[in-house]
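So the structure is just underneath, and the comments pick up after that.
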């Protein structure tokens with residue numbers, strides 16, 4: 001499998017940090033910062049892994065994930081969800097929508113690296 | 001403890017029905033006939049063991065003889081017993097408990113009320129975390145910024161060789177984010193501080209307004225004449241401690257003042273004595289809506305007709321907006337009420353006044369006449385369903401002009417403490433099914 005990550009996150013500084021971190025680890029990182037056309041972007045860029053924030057302008061991460069899971073092309077695509085609320089309800093919703101992993105902010109860089117390495121095994 | 005003054009009369013009535021002589025009853029319960037005579041004429045208080053003994057001899061539930069404050073006490077005791085899931089209280093002996101240990105019973109009742117009110121504020125606080133958009137947004141901001149700082153800072157700390165331009169960029173990001181974090185955490189703290197101050201008072205706004213009205217016996221002298229300065233009146237009321245309560249009080253007082261203006265006390269009482277207790281006829285004579293007549297009746301000065309009538313107002317979700325108690329008609333302090341009340345029947349027939357004689361099943365089984373009407377509270381708008389309020393006046397039976405229909409409708413207070421069997425309105429099991 002390839003090492004192409006699409007990061008969908010509206011906080012530019014978080015985006016920048018994760019991008020740097022993953023690039024250093026040998027990933028090709030694309031970023032996207034809103035919910036409106038996130039699904040189209042996933043389809044056009046065909047990543048090996050999506051890191052998806054829950055609170056996005058335009059469309060929530062849950063909605064985006066549900067749409068991705070409904071499409072045969074992205075049905076099994078590994079998706080790591082990020083949320084700032086970390087309530088059990090969010091976790092349940094993420095599981096229901098079909099997230100591969102769930103991570104609450106603030107997270108450590110090591111956690112992010114471990115998660116993406118585990119989700120996309122070479 | 002205050003006891004209903006009618007207890008003595010009831011004993012006398014029961015005794016005479018049995019054809020029992022005063023002296024005989026007195027002997028059986030071990031008191032003098034003259035003392036029993038004083039009791040029967042309500043000139044001596046009675047309670048405790050003596051009341052139980054008399055009830056036993058004349059073969060009635062002690063609750064049939066006592067009423068008033070004690071009945072309310074017992075109703076709350078039963079609610080408390082119903083709430084207790086782990087311990088089974090002797091609900092069938094609540095009368096005896098309240099009679100023999102009135103002080104302890106009151107302590108228990110006060111504690112039960114306090115718990116209910118605390119539970120409600122916990123609920124309100126939980127709701128706030130889950131549903132308050134401002135709080136959610138604030139927390140999200142803090143956590144996002146913290147995430148960004150943590151991630152960036154650990155890159156700077158852990159990356160061995162980092163290009164100067166990246167390092168500078170990350171330094172700048174941390175600087176920006178830490179400023180944002182300082183702002184958002186300050187905003188969050190000031191929001192929580194403010195909210196905490198608001199929560200200090202645990203009584204609900206509605207309860208504060210009702211306490212204020214009870215102080216005035218539901219007749220607001222200061223709103224009866226002239227052009228009352230509501231803001232000043234409200235500011236002077238010691239019972240109104242929160243903005244929310246003052247706002248509720250204002251809404252109530254505005255309505256009260258309008259009613260007082262449309263139905264000045266003297267004019268209203270003249271019409272009442274000429275026409276008698278007939279809300280629809282009064283409404284016609286005074287050119288006011290029926291529900292205004294009902295509110296006005298419940299706001300009459302102490303000692304005049306109407307002053308001891310009860311009033312309940314709800315919205316079309318069934319939530320109680322206003323409650324003036326009438327002795328003997330139990331209304332749960334919190335939670336859901338009996339769906340059989342004419343109040344709710346009125347909601348299904350808006351603008352149609354409903355008259356219904358009811359018997360509140362359970363304790364004293366007193367009869368009440370209820371007069372209810374549902375009325376829109378917003379002006380008509382095209383293709384918009386109106387919102388309704390329903391207003392119900394509760395009076396002791398037999399005071400209305402019009403002869404009521406023969407049928408008496410049994411109603412309850414709330415399911416948990418209602419013994420009525422085979423009720424189609426039942427929502428949950430009663431805790432009292434074994435008695436009565």
- Treating the angle as unsigned and between 0 and 90°, give the value, to the nearest 10°, between the Cα long axis of helix B:133-158 and the longest Cα principal axis of chain B. 30 degrees
- Message: Could you check the spin-label model distance between residue B:169 and residue A:89? Points 7 Å from the Cα along Cα→Cβ, value in nm.
- Response: 3.8 nm
- Of B:174, B:29, B:162, the most mobile residue in a GNM of chain B (C-alpha springs, cutoff 10 Å) is B:162
- Item | Using alpha-carbon coordinates, inclination of helix B:69-83 to the longest axis of chain B, degrees | 50 degrees
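Given the range B:227-338, report the % of alpha carbon pairs whose separation exceeds 17 Å.
Summing the P(r) tail past 17 Å for the range B:227-338 gives 62 percent.
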- Running Debye on the range A:1-61 with equal point scatterers at the Cα sites and no solvent, what base-10 log of I(q)/I(0) appears at q = 0.13, 0.16, 0.28 Å⁻¹? -0.30, -0.45, -1.20
- Whole-Å semi-axes of chain A's equivalent ellipsoid (Cα gyration tensor): 19, 17, 14
- the range A:36-80: Rg to Rh, with Rh as the Kirkwood radius over Cα pairs: 0.91
- Task: Round to the nearest 0.05 the FRET efficiency obtained for residue B:107 and residue B:33 when R0 = 35 Å and r is the Cβ-Cβ distance.
- Result: 0.45
- Query: Averaged across the residues of A:19-32, what count of C-beta atoms belonging to other chains lies within 10 Å of each residue's C-beta?
  - Reply: 1
- Message: Nearest 10 degrees is fine. How inclined is helix B:48-58 to the longest principal axis of chain B, computing both from alpha carbons?
- Response: 50 degrees
- Task: From the P(r) of the protein assembly as shown, can you give the percent of Cα pairs sitting at distances over 31 Å?
- Result: 64 percent
- Given a Förster distance of 60 Å, the FRET efficiency implied by the Cβ-Cβ spacing of residue B:258 and residue B:43, rounded to the nearest 0.05, works out to 0.85
- Would you mind telling me which residue in B:180, B:88, B:333 has the biggest mean-square fluctuation in a Gaussian network model of chain B, where springs connect alpha carbons within a distance under 10 angstrom? B:180
- Query: Could you list log10 I(q)/I(0) for the range B:328-403 at q = 0.17, 0.20 Å⁻¹, which the Debye formula gives when each Cα is one point scatterer?
  - Reply: -0.72, -0.91
- Point-to-point label distance, residue A:113-residue B:85, nm (Cα→Cβ direction, 7 Å offset): 4.8 nm
- Averaging sequence separations of C-alpha pairs under 8 Å and six or more residues apart, then dividing by the length of the range B:167-266, give the relative contact order as a whole percent. 30 percent
- Message: Let's test the formula: R0 of 41 Å, r as the Cβ-Cβ distance of residue A:44 and residue B:427. What FRET efficiency results, to the nearest 0.05?
- Response: 0.15
- Give the relative contact order (percent, whole number) for chain A; include only Cα pairs under 8 Å separated by 6+ residues. 25 percent
- Starting from the exponent 0.38 and prefactor 2.2 Å, build the expected Rg for the range B:285-324 from its residue count and divide its actual Cα Rg by it. 1.30
- Query: What residue among B:178, B:244, B:413 has the largest mean-square fluctuation in a Gaussian network model of chain B, using Cα springs under 10 Å?
  - Reply: B:178
- Ranked from highest to lowest mean number of other Cβ atoms within 10 Å per residue, what is the order of the peptides B:352-360, B:153-161? B:352-360, B:153-161
- Over the whole of B:147-160, what's the average partner chain Cβ count within 10 Å per residue? Rounded to a whole number, please. 6
- In whole percent, what relative contact order does chain B give with Cα contacts below 8 Å and a gap of six or more residues? 11 percent
- For the range B:132-190, the Cα convex hull volume per residue in Å³ comes to 60 Å³
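Could you tell me what fraction of 2.2 N^0.38 Å the Cα radius of gyration of the range B:131-278 comes to, as a two-decimal ratio?
1.98
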- Message: Nearest 500 deg cm²/dmol is fine: what mean residue ellipticity at 222 nm does chain B get from its DSSP H runs of n ≥ 4 alone, each adding -39,500 (n - 2.57), divided by its residue count?
- Response: -16500 deg cm²/dmol
- Query: Hey, got the average number of other protein chain Cβ atoms within 10 angstrom for residues in A:2-12?
  - Reply: 1
- Query: How big is the gap, in Å, between the Cα center of the range B:365-422 and the Cα center of the range B:279-307?
  - Reply: 16 Å
- Item | Protection proxy ranking, peptides B:294-301, B:33-40, average beta carbon neighbours within 10 Å, highest first | B:294-301, B:33-40
- Task: For chain B, go through all pairs of different Cα atoms, get the mean of 1/r, take its inverse, and jot down that Kirkwood value in Å.
- Result: 26.0 Å
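Where a number appears in this text, it was derived from the coordinates with a stated rule and is not lab data. Just so we're clear, the structure is a prediction, and the values are computed from it rather than from any experiment. Neighbour counts are summed over all protein chains in view; Cβ atoms, including those assigned to glycine, are modelled from backbone coordinates with ideal geometry.
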